[in-house]
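Encoded as structure tokens, the structure appears first; notes follow it.
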Amino acid sequence: MSNKIKLIWDFRGPAAAQTAAHHKIHLKEFCDKEAYNDVEVGTKEISETYCLAYLIVSKEQMLVFRDALRPHRGETA
């Protein structure tokens with residue numbers, strides 16, 4: 001079993017939920033274009049003004065996604 005890494009993009013402000021949802025669309029498009037089928041993409045609402053979009057990848061894939069997509073931060077999933 002490989003370790004998973006959660007790459008995270010933070011969005012703040014009154015439009016945070018809409019921005020995170022829109023960013024999720026672009027993350028899915030990237031995964032489809034590059035044929036990454038084993039990746040989990042999602043959003044999470046922390047509060048009314050703070051949401052995030054995330055991508056969960058294997059530790060081995062992390063560098064490829066990090067360099068191409070430049071997430072704000074990452075953590076173990």
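Odds and ends about this structure:
- Scan of the range 23-46 for residues that are of a type outside the set (D, E, K, R) and open to solvent by 40 Å² or more (accessible area, probe 1.4 Å), ordered by number: 23, 25, 26, 30, 35, 36, 37, 43, 46
- Once the range 29-64 is narrowed to residues that are among the aromatic types (Phe, Trp, Tyr), within 14 Å of the chain's Cα centre (by Cα) and at pLDDT 95 or above, the residue that is nearest to residue 9 (Cα to Cα) is 54.
- For the range 4-22, the criterion of being open to solvent by less than 50 Å² (accessible area, probe 1.4 Å), acidic (Asp, Glu) and touching a strand residue (DSSP E or B) at 6+ places or on another chain (Cβ under 9 Å) is met by at least one residue.
- Tally, over the range 1-58, of residues that are under 15 Å from residue 71 (Cβ atoms), acidic (Asp, Glu) and free of Cβ contacts under 8 Å to residues at least 24 places away in the same chain: 1
The values are calculated or read from the model by the stated rules, or taken from the named source; none is laboratory data. Quantities reported herein were computed from a predicted structural model and do not represent experimental measurements. Every residue, glycine among them, receives a Cβ derived from its backbone with ideal geometry; neighbour counts consider all protein chains shown. Please note that ligands, DNA and RNA were not included when accessible areas were found on the heavy atoms of the full protein model with its side chains. Shrake-Rupley method; radii C 1.70, N 1.55, O 1.52, S 1.80 Å.
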